[in-house]
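The block underneath contains the structure these notes are about, expressed in structure tokens.
The values are calculated or read from the model by the stated rules, or taken from the named source; none is laboratory data. Please read these numbers as outputs of a predicted model, since none were measured by experiment. In this analysis, Cβ positions are derived from the backbone assuming ideal geometry, glycine residues included, and neighbour counts consider all displayed protein chains.
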Amino acid sequence: MSDILLDMKPSHKFLVCVDSDGCVFDNMDLKHKECFCPATVNVWHLQSVSRYARQAAEFVNLYSKTRGMNRFPALVRTLELLAKRPEAIERGYTLPDLTPLKKWIAETKSLSARGIQEYCGAAGEVDPILEQAARWSAEVDENIERIVHGVTALPGVKETFAHLSRFADIVIVSATPHEAIVREWGAQGLLENITVVAGQELGTKKECIRKAAEGKYDPGCVLMVGDAPGDYEAAKANNALFYPIIPGDEVNSWKKLKEVVSQQFKDGTYAGAAMQEALDAFDSVLQEEPNW
């Protein structure tokens with residue numbers, strides 16, 4: 001089967017990869033608090049500990065250094081954190097055996113509901129925990145389709161893409177499903193300057209950056225823009241530069257990208273002290289461990 005990232009032909013010397021949720025759209029709170037959390041409570045039977053389940057999920061997905069992690073590893077961390085919470089233990093919560101889910105996460109090439117279906121199909125049987133994870137993911141997507149609409153892009157995003165597109169190819173690299181990216185970006189008229197849309201179905205962010213960049217762009221000519229540590233790790237694994245959209249300071253982050261960093265990137269002066277300053281500011285806003 002053809003891979004649109006591997007088949008992509010450069011039109012410019014430079015490549016900019018960009019995340020979606022929390023980066024282009026200020027929708028992380030909406031998605032996680034109104035779509036992910038209710039599905040997690042419902043499908044994983046957390047009604048009696050819903051308060052603590054929500055706190056764990058929000059910490060993992062919004063306020064910690066795992067912000068932006070793929071939904072399945074984030075689910076595992078959420079349930080494991082919840083199982084350590086004394087208040088949850090007192091209310092009878094016990095952690096289900098997540099071994100099959102962890103095994104699939106470690107082995108799959110596609111961290112998506114489709115990836116679960118393909119994995120189970122190859123194994124010839126459906127594990128109950130994997131079936132539950134797939135059902136949870138489907139409910140999340142149903143909630144998102146029903147609830148998340150009319151969310152506008154952050155101020156300055158469209159203008160920044162227009163500016164960057166003059167000298168760089170732009171690829172969306174996101175853990176969001178492809179259909180949701182196309183729907184949300186298309187509704188805001190943001191796809192006109194985009195070269196390729198790479199959702200979760202095409203692989204991890206690390207893999208997508210590699211497939212888009214390898215053998216096509218010179219070192220120092222690839223920049224990842226994101227709002228999560230995982231975005232930085234994906235960039236670093238590919239020797240790409242990274243520019244953070246800082247949670248809580250998104251508008252200023254985009255303004256600086258357009259007015260300052262884009263030129264530094266083009267001139268070859270962003271690597272080094274300028275990028276480290278941005279990384280330090282980014283690192284200071286996310287927590288390592290919960291404070292409960």
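Looking only at residues of segment 82-98 that are among the hydrophobic types (A, V, I, L, M, F, W, C) and within 26 Å of the chain's Cα centre (by Cα), we find that the one that is surrounded by the fewest Cβ atoms within 10 Å (Cβ to Cβ) is 95.
Each residue in segment 263-292 was checked for being among the acidic types (Asp, Glu) and either in a loop (DSSP other than H, G, I, E, B) or surrounded by 15 or more Cβ atoms within 10 Å (Cβ to Cβ) (or both), and 2 pass.
The residues listed here are 207, 277, 289; of these, the one that is among the charged types (D, E, K, R) and under 22 Å from residue 63 (Cβ atoms) is 289.
Candidates are the residues of segment 235-292 that are among the β-branched types (Val, Ile, Thr) and under 18 Å from the mean Cα position of the chain (by Cα); the one that is nearest to residue 52 (Cα to Cα) is 285. For beta carbons closer than 7 Å, sequence separation of 6+ or different chains, a first residue in segment 44-70 that is assigned by TED's automatic domain parsing to the domain that holds residue 111 and in a helix (DSSP H, G or I) and a second that is of a type in the set (Gly, Ala, Ser) and surrounded by fewer than 16 Cβ atoms within 10 Å (Cβ to Cβ), the qualifying pairs are 48/92.
For residue 233, indicate whether it is over 25 Å from residue 66 (Cβ atoms) and not polar (S, T, N, Q).
For residue 233, the condition - over 25 Å from residue 66 (Cβ atoms) and not polar (S, T, N, Q) - is not met.
Filtering segment 168-206 to residues that are in contact (Cβ under 8 Å) with a residue 60 or more places away in the chain, assigned to a helix (DSSP H, G or I) and of a type in the set (D, E, K, R) leaves 184, 201, 205.
Taking segment 173-190 as the range and being surrounded by fewer than 14 Cβ atoms within 10 Å (Cβ to Cβ) and more than 17 Å from residue 202 (Cβ to Cβ) as the test, the residues that pass are 186, 189.
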